[in-house]
Structures are given as structure tokens and as C-alpha cells.
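Structure, as C-alpha cells:
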Amino acid sequence: MTSIRTFLVVVLISVITLVSFITALHGYRESMDESQLLFEDQLRQQADILIILSEKLPVVGTEEEIYSDVRSANNAYQVFSVNQKLILHSSNAPSKPMANFEPGFSQVNFSKYRWNTYVTQNTMTKQWIMVAEREDVRYQLADTIIMKAVFPVVLSIPITGILVWFIVGFGLKPIQNLAAQLRSKEASDLTSIKLEQVPRELAELAGSTNDLLYRLEQSFARQKRFNSDVAHELRTPVAALKIHLQNLMNDLDIVPNSASKLELGLQRINYVVEQILLLNRMTPDRYMAQFENVDLFDITRNVLETLIDNIDAKKQEITFDGESCQVFGDAFAIETMLKNIILNAVNYTQEGGKVRIEIRVVNHRCTLTVIDNGPGIPEDEYDRVFERFYRRGGDRHLSDAPGCGLGLSIVQYIAELHEAELKLAASCFDSGLSFSVIFPQKMRNRT
């Protein structure tokens with residue numbers, strides 16, 4: 001069932017059509033029975049007229065103008081004497097008796113037609129009167145009368161269908177209003193829906209929806225508190241461990257290899273905590289995006305300034321070229337996304353490597369591309385790198401760069417929020433990766 005409205009209209013029209021058909025059929029049969037009685041009465045009246053007129057018959061075997069009331073191409077009559085001798089007949093009547101000399105109704109065939117006959121006898125003159133009417137004309141006349149009565153019923157079915165369509169649509173309007181309210185809600189809006197003059201059937205659905213929204217709000221609130229508390233509580237012991245480890249290394253004349261590995265492990269733990277905090281901030285229930293026009297070129301330049309120490313530490317050659325490009329979005333989210341992309345290129349490119357950043361406007365779309373000459377990513381893993389906690393080579397990546405597999409997942413999520421397209425391709429260098437983010441310059445208003 002694709003539409004309640006269509007289902008209701010089809011079912012109602014089907015029921016109305018069926019009932020109308022049964023009613024029309026019953027009415028047709030009843031009308032035919034009534035018409036037969038009327039036609040029989042008509043034959044009786046014609047016979048009565050012939051009885052009266054036959055008594056005044058001046059000439060045997062002739063047809064006078066006084067019989068015009070019973071003369072018709074569709075009717076025939078005969079008048080016989082008491083000795084059953086034909087004394088008068090219509091021009092379309094046979095010379096032989098049309099029916100048996102027995103009072104009553106019967107059906108006979110003559111002149112290539114089926115006739116309904118009525119036979120009676122004059123009680124005074126004892127003359128036999130026979131009148132007949134063509135059966136096909138009788139049925140044709142009856143059908144015409146009955147169809148004129150049935151036709152309005154048939155004609156009313158499509159009109160009824162149109163009325164039912166609009167009436168059902170009006171009755172379902174509260175459901176459309178409920179759907180419109182739910183559709184207009186932001187991902188972070190879990191407030192109750194409000195409908196005025198809600199029908200009794202819809203009130204239960206609206207109440208269940210509000211209960212669900214309330215439970216979701218409470219669940220998200222608990223999740224937010226848990227994520228926030230855990231991530232923040234992790235920062236304190238990690239920071240304390242780093243201080244104690246640094247003090248220990250300063251006290252030792254010879255720093256053991258295990259201490260260096262411990263330091264690297266703490267760096268990775270710290271990185272994971274920061275990524276969890278960032279991911280928690282980016283979740284729909286907490287992310288309150290204030291979209292505005294921002295310059296992608298300025299944001300990229302600011303990100304490069306924050307990463308200058310990482311770039312200098314690896315003695316890499318960074319090239320930044322582009323033009324001012326306005327996009328509609330949240331500055332913090334875009335900055336976070338670009339920082340993850342550029343930092344990945346810097347961390348996974350070897351010391352002394354090259355990283356190129358370009359911003360171009362192509363077909364009214366802003367495109368930011370980060371190209372490096374690092375080890376790159378196999379094409380069959382382009383989709384997997386966006387999965388949460390997936391990292392090529394696991395924690396023992398050859399670059400020794402700290403990571404937990406959340407960075408590109410966050411990048412993908414922010415891109416979806418901004419309706420941007422992510423595209424991975426081979427680098428223009430001998431090796432490496434080309435990572436592009438394609439923004440639409442104009443976006444629909446989300447408010």
C-alpha cells in the first residue's frame with residue numbers, strides 16, 4: 001500500500017460501484033416486471049376498446065377509422081365471430097388466428113417476429129378478441145425507460161469518486177500537518193510536536209511520537225554526558241602521565257628505548273582523546289551549525305598557520321595556491337575538516353616530501369585539493385578509509401604517525417553536513433594521494 005488516500009478512495013469507490021451495480025440490477029429486474037404488468041394492462045385496454053368498437057361494426061371484413069386507437073405497426077388485432085370466423089383484423093395481422101381461442105396471455109410467432117398476445121371474449125356478442133404486441137419493441141421501450149432511470153446512478157459514480165478523493169484528502173490533512181512538522185525538525189530538535197484540534201485517531205499517534213521524542217532526548221542527554229565526562233576525565237590522567245614521563249626522562253642519564261615507546265603511546269592516547277572529543281561535538285544531537293558565508297581560502301590559510309610546526313618538523317615543501325571562494329557553512333566544522341585532511345597529508349608523507357594545496361572554482365563549485373607524494377592509498381581502499389577506527393596497517397603504520405582511524409570519518413561527516421563531495425585519486429606526483437573536497441557555492445537554507 002503506497003498511499004492511504006489512494007487505498008481509501010479505491011476501496012470506497014469499489015464498494016459504491018458494487019452497491020450501485022447490485023441496486024441497479026435489482027431495480028432493472030423490478031422495473032422489467034413492472035413494465036410487463038403495464039404492457040399487459042395496455043393489451044387489456046386495447047382489447048376492451050375492440051370489444052366496444054366491434055359491437056358497432058357496420059361492414060364485415062373492413063377496417064374503419066374508428067379503430068385508429070388500436071392500429072399500430074407494432075400492434076396487431078383480430079376479431080372473430082362466435083363461430084371463430086375472422087370478421088376484422090389489422091393490416092399486419094395474419095388471416096389465421098394469432099393464438100388459441102383460450103382467454104389469457106401467450107406468446108406466438110408470425111410475420112418474422114415474436115409477439116405477446118391477449119385473448120378475450122365479448123360476454124354479450126360472444127365475439128373473440130385477439131390483440132398482440134411485438135416483444136422486441138416492448139423490451140426496447142422498457143430498456144429505454146429503465147436506462148433513463150439507471151443512467152443518473154451510473155453517472156454519479158465518477159462524480160462520487162471525485163468528491164470522495166477530496167473528502168478523504170481533507171480528512172487526512174491532519175496527518176499531512178504532522179508529517180510536515182516532523183519533516184521540518186532539525187536533527188537536534190527533539191521538542192514535542194504541537195497540533196491543534198487533533199482528531200481522536202491521530203492524537204494517539206501524536207502522543208506516541210512525543211513520547212518517542214522525549215525518550216530520544218533523554219537518551220541523547222545521557223550519551224552526551226557520558227561521552228563528555230569520559231573524554232574529559234581521560235585528559236587529566238594522560239596529561240599527568242606525560243608530565244611524570246618527562247620528569248623521569250629528565251632524571252635519567254640514559255633514556256631507555258621503552259621510555260621512548262611509552263612517550264609515543266601517550267601521544268597516541270592523547271590524539272585519540274582529542275578525536276573522541278571532536279567527534280562528540282560533531283554528532284547531530286549536539287552539533288548546532290550556524291551556517292554563514294565563509295571564505296574557504298582564508299580558512300585554509302589559518303589551518304596552515306596552526307600546522308606550521310608539524311610541517312617544519314618534517315622539513316616538507318608546502319605549496320598553497322588558489323583564489324577566494326565563498327561557501328555556505330560552519331567555519332569551525334570546515335576548519336576541523338581541512339585540518340584533518342592537511343595533517344594526514346603531512347603526517348603520512350615522508351620527511352622532505354611535497355604537499356600541494358589548491359583552491360579553484362569550477363562550474364560554480366569550490367574545490368579544495370590536497371596533493372602529496374607520500375605512500376598513497378590503494379584504489380580498492382578509497383571507501384574503507386572513511387570507516388570509523390579503520391587505519392591502513394593498524395596502529396603499526398610505517399609512518400609512525402599517531403592516529404586512531406577517526407579523522408577521515410569526521411571529515412566525511414562534516415562533508416555530508418555541508419553537502420560537499422569527497423573525491424580520492426592518484427597524485428600528480430610519482431606517488432601519493434590527491435584528496436579533493438568539492439563544495440556547492442550555494443546551498444539550500446536549513447533553517
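Would you mind counting up the charge near I146? Only other residues with Cβ under 15 Å from its Cβ, with Lys and Arg at +1 and Asp and Glu at -1.
Details: positive: R29, R138, K148; negative: E30, D33, E34, D143.
Net charge around I146: -1.
Within 14 Å, Cβ to Cβ, of A203, how many net charges do the neighbouring residues add up to if Lys/Arg are +1 and Asp/Glu are -1? Show your work: numbers first, answer last.
Numbers: positive: K194, R200; negative: E196, E201, E204, D211.
Every neighbour counted, the sum reads -2.
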Item to check | Distribution of pairwise C-alpha distances over the range 289-440, 10 Å bins, in % | outcome: 11, 44, 37, 9, 0
Item to check | Amide H contacts under 5 Å for Q121, placed H, 5+ residues apart | outcome: I129
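Just order 356-367, 304-315, 81-92 by mean Cβ neighbour count inside 10 Å, highest at the front, would you? Kindly include the intermediate steps, with their values, before the conclusion.
Details: 356-367: 16.1, 304-315: 12.2, 81-92: 14.5.
Listed from highest to lowest mean packing, they are 356-367, 81-92, 304-315.
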Item to check | Residue-wise HN-Hα coupling along the range 372-387, computed from phi with Karplus coefficients 6.51, -1.76, 1.60 (Hz; x: Gly, Pro) | outcome: 9, 10, x, x, x, 10, x, 4, 6, 10, 4, 7, 5, 5, 8, 6
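For the range 4-164, what is the Kirkwood estimate of the hydrodynamic radius, computed as the reciprocal of the mean inverse distance between distinct Cα atoms, to one decimal in Å? Could the numbers behind the result be given before it?
Numbers: mean 1/r = 0.0542 Å⁻¹.
Value: 18.4 Å, from the Cα pair sum.
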Checklist entry - Each residue of the range 155-166 in order: what ³J(HN,Hα) in whole Hz does its phi give by Karplus 6.51 cos²θ - 1.76 cosθ + 1.60, θ = phi - 60°, with x for Gly and Pro? => result 5, 6, 5, x, 5, 4, x, 5, 5, 4, 4, 6
Next on the checklist: Over 5 Å intervals from 0, what percent of Cα-Cα pairs in the range 85-238 sits in each interval?
Outcome noted: 2, 7, 9, 8, 6, 5, 5, 4, 4, 4, 4, 3, 4, 4, 4, 5, 4, 4, 3, 3, 2, 2, 1, 1, 1, 0, 0
Next on the checklist: Along the Cα→Cβ direction, 7 angstrom out, place labels at I162 and K148. What is the inter-label distance in nm?
Outcome noted: 2.6
Checklist entry - At F226 and T125, where each label point lies 7 Å from the Cα along Cα→Cβ, what is the point-to-point distance in nanometres? => result 11.3
Checklist outcome for this item: Any lysines whose Cα falls less than 23 Å from that of K112, other than same-chain ones fewer than 8 residues away, would be K96
Item to check | Within straight-line cross-link reach of K354, lysines at Cα separation under 30 Å, skipping those fewer than 8 residues along the same chain | outcome: K261, K314, K315, K339, K423
Checklist outcome for this item: Amide H neighbours of L406 at under 5 Å, excluding residues fewer than 5 places away on the same chain, with H built from the backbone geometry, are F389
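For the ranges 213-221, 421-429, what's the packing order if you count other beta-carbon atoms within 10 Å of each residue, average per peptide, and put the highest first?
Numbers: 213-221: 13.3, 421-429: 15.1.
Top to bottom by mean Cβ count within 10 Å: 421-429, 213-221.
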Checklist entry - For the peptides 328-334, 349-355, what is the packing order when you average, over each peptide's residues, the other Cβ atoms within 10 Å and list the highest mean first? => result 328-334, 349-355
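What's the FRET efficiency of E381 with A180 using the Cβ-Cβ distance as r and R₀ = 45 Å, to the nearest 0.05? Mind dumping the intermediate values first?
Working: r = 43 Å, r/R0 = 0.95.
Rounded to the nearest 0.05, the efficiency is 0.60.
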Checklist outcome for this item: Excluding residues fewer than 8 positions from K194 in its own chain, the lysines with Cα under 27 Å of it are K173, K185, K224
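Where a number appears in this text, it was derived from the coordinates with a stated rule and is not lab data. What you see is a predicted model, and the numbers here were worked out from it, not measured in a lab. A quick note on method: Cβ atoms are made from the backbone with ideal geometry, for glycine too, and the neighbour counts reach across all protein chains shown.
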